[in-house]
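The values are calculated or read from the model by the stated rules, or taken from the named source; none is laboratory data. Source: prediction; values computed, not measured. Note: ideal-geometry Cβ built from the backbone for every residue, glycine included; neighbour counts use all protein chains shown.
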Amino acid sequence: MSAITLSHVSKSWGAMRAVDDVSLTADEGSLLVLLGPSGCGKSTTLRLIAGLEDADGGAIAIGGVDVTHLTPAQRKISMVFQSYALFPHLSVAENIVFGLRVRRVSRAERDARLRRVADIVGLAHLLERKPAQLSGGQRQRVALGRAIIAEARVCLMDEPLSNLDAKLRHEMRTEIRALQQRLGMTMVYVTHDQTEAMTMADRVVLMRDGRIEQNGSPEELYNRPATAFTARFIGTPPMNLVRQGDHLIGIRPEHIRIVTGGDHAARVKAVEHLGADSIVLCEIDGQPISVRSDGFSKVQPGEDVRLAWEAGHEHRFDPVSERRLEASVQDGRLATSVG
Amino acid sequence: MADRRHLAGSRMTDHAASSPIVSRRAGSQAWWNAVNAWLLLLPAAVLLIAFTHFPILATIRHSLFITRRNGTEAFVGLDSYRAMAADPIFWKALGNNFWFALGTIPTSIALALVMAVWVNRNMRGRGFLRLAYFTPTVLPMIAVANVWLFFYTPDYGLLDQLRGLFGLAGWNWLGDPSTVMGCLIVMVIWKEAGFFMIFYLAALQQLSPDLEEAASIEGASRWYTFRRITFPLLMPTTLFVVINAVINSFKLVDHLVIMTKGGPNNASTLLLYYIYEVAFTFQDSSYAATLTVVLLTLLSGIALLKFGYLDRRIHYQ
Ligand SMILES: Nc1ncnc2c1ncn2[C@@H]1O[C@H](COP(=O)(O)OP(=O)(O)O)[C@@H](O)[C@H]1O
Ligand SMILES: [Mg+2]
């Protein structure tokens, strides 16, 4: 039993509501990603789960037990900090077994577990080094090792990859996900990078200004964004939002085609060639819109083109509240822009 | 492509043609750099040599001579050192200095550390507390000595007035060989602890709060975290503070001049005060030089210990 449940949890710093009535559940053995722009309250939410901050209101349960007023240690969790928080004067080995020493685990068991964990995170040859003698990726692995050696059922991670370069980030992403699944941990993973969220998560909780904007599977967030904010946040490049009269319409770049005889006139502003595909940045009535086209797009900046998309791919949002309008897409009544 | 090769080629020939000049220029450049470096070092070097190195050498030389009444010097070799070894007051001063150091250093450092950890926490009036602890350090030493002189005055002093409340008789705190050293030690601890606290406080604020949080998640108690994380990371500061404290304990002289004059019966004579007395009261400059050499040897020993041994065993960030 290691599911994590937050019910109506709030936390303020003075007048600033960093976490505002947040309720969510991370199922046992799943990976939940807290996603959102910087300053939206992800870290605070994670620290509330860890017990490093006290909630102003609401309840937190881990494995069915109310932990709202327990200390971090009593919650039996492990955590990876953004800074890694390695103890600079201790060797890699001592860093990893720190928690076992605190709990007076016998020497024999400590050594056995250290060997196993060092193999898992690939640090067996670096155990005597000090953190300062390691690369960023290696430090990250030490932090990971320290988190998993406790064999806690719950693991919390706060932007663990944000200090790594792009290639390493990609590698570690896969590794962390594989590790989480292999050890069956319940993981809450904080990131501002939607790619990380989409590739790793069982469930994504998108936050905005301390509140939950949308809570769903990566697929749901991508295919059925509940608000224009989600639509703008998910996808590279994100969904295009175009105001047409008093409608707010969203279309994914990959659903738009540049065709002669398309029913939207647009002007090409710039073209980004990514290799496998190209992103053509256009403008419709002064509104930016990006189009993904396969291969090496031949269109030139300044060129006038025509765009088309299928009505079924349109997402409609209330122009004032920016909430998703469900019915309109389903019955296709307003799908006037079929090419 | 061809263009680039041509360019590179032309640059190479250029370089080849001018290379003797370049190297000669590089040579004189290096020479100028050296001259500049020495010129920049000169003011500091002159001061250091004139006021530190030369006096040390002169002192050592002086300790091997005696000055006759007519002003001429006579070489006596190690005679002064033999006299020193037979001088009970020298041994008394050295012993006093040892007990004084032992009494002040560990306590003032421990106090400084405790106060720093306490003041470092988020609480009301933190700024005021910091200032309060630091006050003893900024007060002029003469004023400090006089304030404490009042505390220790027999019958009228603060201490005796407090004793009076319990019906106890007055006590001549500074006039009794059994209490005078204790009184000095208490005063110096009061003065030094706040000063050292500032260093600990600065070091504590450099430590990432993440470390403490990581330890707390692993279930480490406050004391365990302090013992295994905070204290080891403060070791560079502790070393710095210890060295300073030891040096200070050998440098103390002004309080003695005002409060005890080394008495009673040399019970509060410390090494530097003894040197001061020998040199300026007894006017025996060559014996003073001999004592100074001993003091210098002690202090250099401490410095060597720091740079040669301790620095290698301590984790610096
Ligand atoms: N200890 C704190 N004191 C005051 N304000 C804080 C503190 N921690 C976070 N905040 C504020 O709360 C908001 C949310 O912070 P945080 O949870 O760290 O955001 P995120 O991790 O999503 O970038 C921010 O506006 C931040 O300035
Ligand atoms: Mg954060």
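List of remarks:
- Annotation note: Cβ proximity below 6 Å between a residue of the stretch B:91-114 that is touching a residue at least 24 places away in the same chain (Cβ under 8 Å) and a residue that is exposed (fewer than 13 other Cβ atoms within 10 Å of the Cβ) and outside any helix (DSSP H, G or I) (sequence gap 6+ or interchain) occurs for no pair.
- Subset of the stretch A:158-207 [part of a strand (DSSP E or B), more than 16 Å from ligand 1 (Cβ to nearest atom) and over 15 Å from A:Met79 (Cβ atoms)]: A:Arg203
- Number of positions in the stretch A:1-37 that are in a loop (DSSP other than H, G, I, E, B), within 9 Å of ligand 1 (Cβ to nearest atom) and either closer than 17 Å to A:Gln214 by Cα or touching a strand residue (DSSP E or B) at 6+ places or on another chain (Cβ under 9 Å) (or both): 2
- Filter result (within 16 Å of ligand 2 (Cβ to nearest atom) and either assigned to a helix (DSSP H, G or I) or within 20 Å of A:Ala3 (Cα to Cα) (or both)) within the stretch A:38-52: A:Lys42, A:Ser43, A:Thr44, A:Thr45, A:Leu46, A:Arg47, A:Leu48, A:Ile49, A:Ala50, A:Leu52
- Condition broken by A:Ser91, with the remaining ones in (1) within 28 Å of the chain's Cα centre (by Cα); (2) within 14 Å of chain B (Cβ to nearest Cβ); (3) hydroxyl-bearing (Ser, Thr, Tyr) satisfied: (1)
- Single match in A:Arg116, A:Arg101 (criterion: surrounded by fewer than 22 Cβ atoms within 10 Å (Cβ to Cβ), more than 16 Å from ligand 1 (Cβ to nearest atom) and over 26 Å from B:Ser221 (Cβ atoms)): A:Arg116
- Test: B:Arg163 is over 30 Å from the mean Cα position of the chain (by Cα), part of a helix (DSSP H, G or I) and basic (Lys, Arg): yes
- Answer residue from the stretch A:238-260, given it is assigned to a loop (DSSP other than H, G, I, E, B) and in contact (Cβ under 8 Å) with a residue 60 or more places away in the chain and is surrounded by the fewest Cβ atoms within 10 Å (Cβ to Cβ) among those: A:Asp246
- The selection criterion, being surrounded by fewer than 17 Cβ atoms within 10 Å (Cβ to Cβ), under 14 Å from B:Lys191 (Cα atoms) and touching a Gly at 6+ places or on another chain (Cβ under 9 Å), holds for B:Phe134.
- Single condition A:Ala59 does not satisfy, out of (1) more than 16 Å from ligand 2 (Cβ to nearest atom); (2) in a strand (DSSP E or B); (3) buried (at least 21 other Cβ atoms within 10 Å of the Cβ): (3)
- Test: residue in the stretch A:147-157 that is within 16 Å of ligand 2 (Cβ to nearest atom) and either crowded, with 18+ Cβ neighbours inside 10 Å or outside any strand (DSSP E or B) (or both): yes
- Residue check, A:Arg141 buried (at least 21 other Cβ atoms within 10 Å of the Cβ) and modelled with pLDDT of 95 or more: no
This table checks each residue for (1) crowded, with 22+ Cβ neighbours inside 10 Å; (2) without any contact (Cβ under 8 Å) to a residue 60 or more places away in the chain; (3) of a type outside the set (A, V, I, L, M, F, W, C).
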{"residue": "B:Trp171", "(1), (2), (3)": "no, yes, no"}
{"residue": "B:Thr179", "(1), (2), (3)": "no, yes, yes"}
{"residue": "B:Gly182", "(1), (2), (3)": "no, no, yes"}
{"residue": "B:Val188", "(1), (2), (3)": "yes, no, no"}
{"residue": "B:Phe195", "(1), (2), (3)": "no, no, no"}
{"residue": "B:Tyr200", "(1), (2), (3)": "yes, no, yes"}
{"residue": "B:Ser208", "(1), (2), (3)": "no, yes, yes"}
{"residue": "B:Glu212", "(1), (2), (3)": "no, yes, yes"}
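- For the residues B:Val246, B:Val257, B:Val278, B:Val242, the requirement of being crowded, with 21+ Cβ neighbours inside 10 Å and more than 14 Å from chain A (Cβ to nearest Cβ) singles out B:Val278.
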